[in-house]
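Read the structure below first, then the notes.
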Number of protein chains: 2
Amino acid sequence: MGINLDMIGKKTEAVPFTYNEDTVILYALGIGAGVDELDFVYEKNLKVFPTFAVIPFMPAFMTSMQKAEINLFALLHGEQKIILHQPIPARGTVYTASVIDSVYDKGDKGAVLNITIETRDEQGSLLFENKTVLVDRSAGNFGGERGPKTEPINPPEGKEPDFRAEYATSKDQAALYRLSGDKNPLHIEPEFAKKAGFDRPILHGLCSFGFAGRAIVHNLCGNDPAHLKSFGARFMNVVYPGEELITEGWKTEQEGRYIIRTTNREGRVILGNAEAEIA
Amino acid sequence: MGINLDMIGKKTEAVPFTYNEDTVILYALGIGAGVDELDFVYEKNLKVFPTFAVIPFMPAFMTSMQKAEINLFALLHGEQKIILHQPIPARGTVYTASVIDSVYDKGDKGAVLNITIETRDEQGSLLFENKTVLVDRSAGNFGGERGPKTEPINPPEGKEPDFRAEYATSKDQAALYRLSGDKNPLHIEPEFAKKAGFDRPILHGLCSFGFAGRAIVHNLCGNDPAHLKSFGARFMNVVYPGEELITEGWKTEQEGRYIIRTTNREGRVILGNAEAEIA
């Protein structure tokens with residue numbers, strides 16, 4: 001068992017992340033925005049996509065992974081959820097700390113880590129949280145608890161979605177997205193991708209997550225990022241740069257809550273078990 | 001006459017520019033490179049496009065413009081030439097100083113400024129030079145010299161080019177390119193572009209220059225940037241993001257010297273009076 005269980009419940013030190021309008025625009029271009037969404041790619045009256053919340057956590061996250069002695073080669077990104085408490089500023093220094101909430105033993109499937117990551121502004125005010133689920137495929141059978149079963153979130157059968165957004169990714173999408181911080185060679189180096197069992201480099205899961213969040217902002221938030229309260233999804237299948245991402249949303253009976261699903265052109269589910277809360 | 005002639009011949013102080021692989025990759029993506037040109041967009045064994053030489057000069061150049069009291073609204077970028085003395089490193093701090101060599105009086109057409117910009121490494125060794133020709137349309141008729149006539153450089157009539165490269169620009173090309181430093185709103189803001197007399201935002205002249213340089217590296221340098229000794233061109237017509245750029249080259253009788261021309265799909269010349277020297 002490669003995971004250091006002593007880490008559970010211990011919050012890491014807050015790691016600063018300084019960024020500006022260029023950082024925000026580069027991220028927006030990385031998730032496929034362009035001049036047709038000018039407010040998101042031009043520093044004048046710049047709006048910040050809520051999924052930018054996954055960018056400042058990257059350094060703190062890597063620290064956490066190293067301390068927990070996680071086997072990065074056996075690691076799968078299982079789920080991601082962002083919870084927005086305030087609109088994200090277009091520049092500034094933010095501070096991010098993370099804590100491993102629990103580690104569950106899924107036997108031969110591996111160990112599942114539930115991590116909460118908090119990002120605060122310079123005044124200590126909570127800006128946003130990330131909830132990340134990681135699977136270390138090499139670390140199961142350590143005699144731990146199996147953990148609670150999660151409830152599946154599926155679109156209502158036979159019901160047309162309340163919105164549908166089709167976005168193209170470019171063959172260079174991952175090459176651009178990775179400039180926002182995730183330099184894993186899996187997303188750029190053909191040999192590395194082959195060793196990891198893929199035909200060619202795959203798109204970052206969090207890039208697809210950004211495409212879906214962008215669809216939500218434009219279709220459920222009236223282009224106003226402040227209206228998104230939370231968005232969470234499970235990574236179901238990989239995407240190759242150049243594929244299309246089709247994001248659909250279904251209103252639920254709960255006010256402001258939508259079930260979300262992102263598929264590729266062939267209907268393979270990329271992001272499932274997904275929901276968004278809109279204010 | 002708005003130009004401060006006292007500036008002629010006085011070299012500015014060297015301005016530092018610190019950059020790394022991300023800066024180089026962002027520039028490469030900005031001039032249309034992608035994963036099909038992996039060595040130019042991946043930090044492992046990263047190659048630097050020679051036209052990156054126009055990036056570190058931007059801060060020094062702006063300083064020079066301000067000191068010369070040039071009317072930026074009446075300014076046209078006339079010509080650009082890069083002269084490479086060494087391969088450009090993939091990261092580091094470089095120092096750039098510029099000098100206005102001459103200002104010529106073209107009467108009602110304005111004043112023409114010839115500027116030389118030198119970039120050196122931390123050891124003081126000359127990496128590359130830029131020769132820039134600017135036209136201040138508002139500053140002619142100041143009683144100055146008209147200057148020498150430049151010799152036209154044209155492709156040989158009726159002769160097929162020795163290479164031809166067709167590159168697409170994306171509708172978001174300028175939005176991406178501007179993250180490399182030139183934030184002129186002319187290239188992103190529709191209202192600003194209209195006030196400047198254009199239908200919509202235009203591509204940076206130096207972005208087209210980069211596309212042409214990229215074509216030269218791949219077609220005349222065997223993908224090795226070190227083989228390009230110089231590349232100069234005159235900006236003839238504007239390009240709108242999304243247009244194609246077709247770069248052609250003709251061998252001359254002079255060893256290693258090629259005449260270059262970049263046109264759009266309709267055959268309008270974008271970069272003319274252009275030549276490249278290959279080692």
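For label points placed 7 Å from Cα toward Cβ, what is the shortest-first list of nm distances from B:Ala196 to its copies?
Counterpart label points of B:Ala196 in the remaining copies fall at 4.0 nm.
In nm, to one decimal, how far is the modelled label at B:Arg146 from the one at A:Met62, with both set 7 Å along Cα→Cβ?
That separation, rounded to one decimal, is 6.1 nm.
Can you tell me the Rg and the Dmax, both Å, for the Cα atoms in region A:5-136?
Rg and Dmax of region A:5-136, Cα atoms, are 16.1, 52 Å.
If you count only protein heavy atoms and use a 1.4 Å probe, how large is the accessible surface of B:Val269, to the nearest 10 Å²?
Its heavy atoms expose roughly 40 Å² to the probe.
Could you work out the relative contact order of region B:163-278, using alpha carbon pairs under 8 angstrom and six or more residues apart, expressed as a whole percent?
On the way: 221 pairs, mean separation 32.8, N = 116.
Taking the mean separation of contacting Cα pairs over the length of region B:163-278, I get 28 percent.
Could you grab the relative contact order for chain B? Cα pairs under 8 Å, six or more apart, rounded to a whole percent.
Reported as a whole number, the value is 20 percent.
With every protein chain left in place, what is the accessible area per residue of the protein assembly as shown in square angstrom, probe 1.4 Å? Walk me through the numbers before you get to the answer.
Working: 24860 Å² over 558 residues.
That works out to 45 Å² per residue.
Restrict the search to region B:7-37; then list the GluC sites (Glu not before Pro) that DSSP places in a loop and that have at most 12 other Cβ atoms within 10 Å of their Cβ. Before the final figure, lay out each step's value.
Working: sites: B:Glu13, B:Glu21, B:Glu37; in loops: B:Glu13.
Within region B:7-37, the qualifying GluC sites (Glu not before Pro) (loop, at most 12 other Cβ atoms within 10 Å) are B:Glu13.
Consider just the alpha-carbon atoms of the protein assembly as shown and return their Rg together with their Dmax, both in angstrom.
In Å, with Rg to one decimal and Dmax whole: 26.4, 90.
If we hang a label 7 Å off Cα along the beta carbon direction at B:Ser102, how far is it from the matching labels on the other copies, in nm, shortest first?
List, nearest first: 7.9 nm.
All other residues with a Cβ under 14 Å from the Cβ of B:Glu13 taken together, and with Lys, Arg as +1 and Asp, Glu as -1, what is their net charge? Mind dumping the intermediate values first?
Working: positive: B:Lys10, B:Lys11, B:Lys67, B:Arg120; negative: B:Glu118.
For residues surrounding B:Glu13, the net value is +3.
Ignoring ligands, DNA and RNA, please state the percent of accessible area on chain B from carbon and sulfur, probe 1.4 Å.
Numbers: 5960 of 12440 Å².
Using a 1.4 Å probe with all protein chains present, chain B comes out at 48 percent carbon and sulfur.
Using only alpha carbon pairs under 8 Å that are at least six residues apart, calculate the relative contact order of region A:5-136 and give it in whole percent.
Numbers: 259 pairs, mean separation 40.9, N = 132.
Reported relative contact order: 31 percent.
Roughly speaking, what is the stretch gain from A:Glu43 to A:Asp121, that is 0.36 nm per residue apart minus the C-alpha to C-alpha distance, in nm to one decimal? Please report the intermediate quantities before stating the final value.
Details: separation 78, 0.36 × 78 = 28.08 nm, distance 2.04 nm.
Separation in residues times 0.36 nm, less the Cα-Cα distance, equals 26.0 nm.
Using helices alone, I'd like the mean residue ellipticity at 222 nm for chain B: each DSSP H run of four-plus residues gives -39500 (n - 2.57), total over residue count, nearest 500. List each step's numbers first, then the result.
Working: 5 runs with 48 residues, N = 279.
Calculated at 222 nm, the ellipticity per residue is -5000 deg cm²/dmol.
Loop only per DSSP, at most 11 neighbouring Cβ atoms within 10 Å: give me the trypsin sites (Lys or Arg not before Pro) in region B:91-146, ordered by residue number.
Numbers: sites: B:Arg91, B:Lys106, B:Lys109, B:Arg120, B:Lys131, B:Arg137, B:Arg146; in loops: B:Arg91, B:Lys106, B:Arg137, B:Arg146.
Sparse-neighbourhood loop trypsin sites (Lys or Arg not before Pro): B:Arg146.
Please list, ordered by chain and number, the residues whose modelled amide H lies under 5 Å from the amide H of B:Glu244; skip anything fewer than 5 residues away on the same chain.
B:Thr169, B:Arg265
Provide an ascending nm list, one decimal, of label-point separations from A:Asn141 to the equivalent residue in each further copy; define each label point as 7 Å from Cα along Cα→Cβ.
Those label-point separations list as 9.0 nm.
Please check region B:32-64 for residues whose accessible area, probe 1.4 Å, is lower by 10 Å² or more when all protein chains are in place than in their chain alone.
Checking the loss per residue gives B:Gly34, B:Val35, B:Asp36, B:Leu38, B:Val41, B:Tyr42, B:Glu43, B:Lys44.
Output wanted: per-residue J couplings in Hz (rounded whole) for region A:123-132, from phi through Karplus 6.51 cos²θ - 1.76 cosθ + 1.60, θ = phi - 60°, x for Gly and Pro.
After applying 6.51 cos²θ - 1.76 cosθ + 1.60, I find 8, x, 7, 5, 8, 7, 10, 10, 10, 10 Hz.
At what distance in nm do the modelled label points of B:Asp108 and B:Lys194 sit from each other, each positioned 7 Å from its Cα along Cα→Cβ?
Each label point lies 7 Å from its Cα, and together they span 3.0 nm.
Which net charge results for the neighbourhood of B:Lys47, defined as the other residues with beta-carbon distances under 12 angstrom from its beta-carbon, given Lys and Arg at +1 and Asp and Glu at -1? Mind dumping the intermediate values first?
Numbers: positive: B:Lys44, B:Arg214; negative: B:Glu21, B:Glu37, B:Asp39, B:Glu43, B:Asp224.
Charge balance in the 12 Å sphere: -3.
Using θ = phi - 60° and the Karplus form 6.51 cos²θ - 1.76 cosθ + 1.60, what ³J(HN,Hα) does each residue of region B:27-37 get, whole Hz, x for Gly and Pro?
Karplus values, whole Hz, x for Gly and Pro: 4, 4, 5, x, 9, x, 6, x, 5, 6, 10.
So for region A:163-278, what are the equivalent ellipsoid semi-axes in whole Å, largest first, each being the square root of 5 times an eigenvalue of the Cα gyration tensor? If you can, show how the numbers build up before the last one.
Numbers: eigenvalues 149, 39, 27 Å².
They are 27, 14, 12 Å, listed from largest to smallest.
Between region B:73-137 and region B:208-271, what is the separation of their alpha carbon centroids in Å?
Cα centroid to Cα centroid, the span is 19 Å.
Using the alpha carbon gyration tensor of region A:68-110, what are the three equivalent-ellipsoid semi-axes (square root of 5 times each eigenvalue), largest first, in whole Å? Write down the numbers at each step before the final one.
Working: eigenvalues 180, 33, 24 Å².
Here the semi-axes work out to 30, 13, 11 Å.
Compare each residue of region A:171-191 in its chain alone against the assembly with all protein chains, and report those whose accessible area goes down by 20 Å² or more; 1.4 Å probe, heavy atoms.
Flagged in region A:171-191: A:Lys171, A:Asp172, A:Ala175, A:Leu176, A:Arg178, A:Leu179, A:Lys183, A:Ile188, A:Glu189.
Quote the charge dipole size of region B:139-228 about the Cα centre in Debye, to the nearest 20; the model charges only the Cβ of Lys and Arg (+1) and of Asp and Glu (-1). Each step should come with its number before you reach the end.
Working: 11 positive and 12 negative charges, 62 e Å.
With only Lys, Arg, Asp and Glu charged at Cβ, the dipole is about 300 debye.
Pop out the ³J(HN,Hα) list for region A:154-169 in order, Karplus 6.51 cos²θ - 1.76 cosθ + 1.60 with θ = phi - 60°, rounded to Hz; leave Gly and Pro as x.
10, x, x, 5, x, 9, 5, x, 6, 8, 8, 10, 10, 10, 7, 9
Summed for both chains, how many Å² of accessible area, to the nearest 100, are buried between A and B with a 1.4 Å probe?
Buried: approximately 2000 Å² between B and A.
Under the rule of at least 5 residues apart or a separate chain, name every residue whose amide H is placed under 5 Å from the amide H of B:Ser102.
Counting only residues 5 or more places away or on other chains, the set is B:Asn114.
Please report, in debye to the nearest 20, how large the charge dipole of region B:163-278 is about its Cα centre when each Lys and Arg carries +1 at its beta carbon and each Asp and Glu carries -1 there. Walk me through the intermediate numbers first.
On the way: 15 positive and 15 negative charges, 43 e Å.
It works out to roughly 200 debye.
Loop-only GluC sites (Glu not before Pro) in region A:209-279, please: DSSP not H, G, I, E or B, and at most 11 other Cβ atoms within 10 Å. Before the final figure, lay out each step's value.
Working: sites: A:Glu243, A:Glu244, A:Glu248, A:Glu253, A:Glu255, A:Glu266, A:Glu275, A:Glu277; in loops: A:Glu243, A:Glu253, A:Glu255, A:Glu266.
Those satisfying the criteria are A:Glu253, A:Glu255, A:Glu266.
Taking the square root of 5 times each eigenvalue of the Cα gyration tensor, what semi-axes in Å does the equivalent ellipsoid of chain B have, largest first? Don't jump to the answer; show the numbers that get you there.
Values: eigenvalues 146, 101, 82 Å².
Square roots of five times the eigenvalues give 27, 22, 20 Å.
The values are calculated or read from the model by the stated rules, or taken from the named source; none is laboratory data. From a predicted model like this one, the values you see are computed outputs, not experimental measurements. All Cβ positions, even for glycine, are placed from backbone atoms using ideal geometry, and neighbour counts span all protein chains on display. Remember, those area values only see protein heavy atoms, side chains included, never the ligands or the DNA or RNA. Shrake-Rupley method; radii C 1.70, N 1.55, O 1.52, S 1.80 Å.
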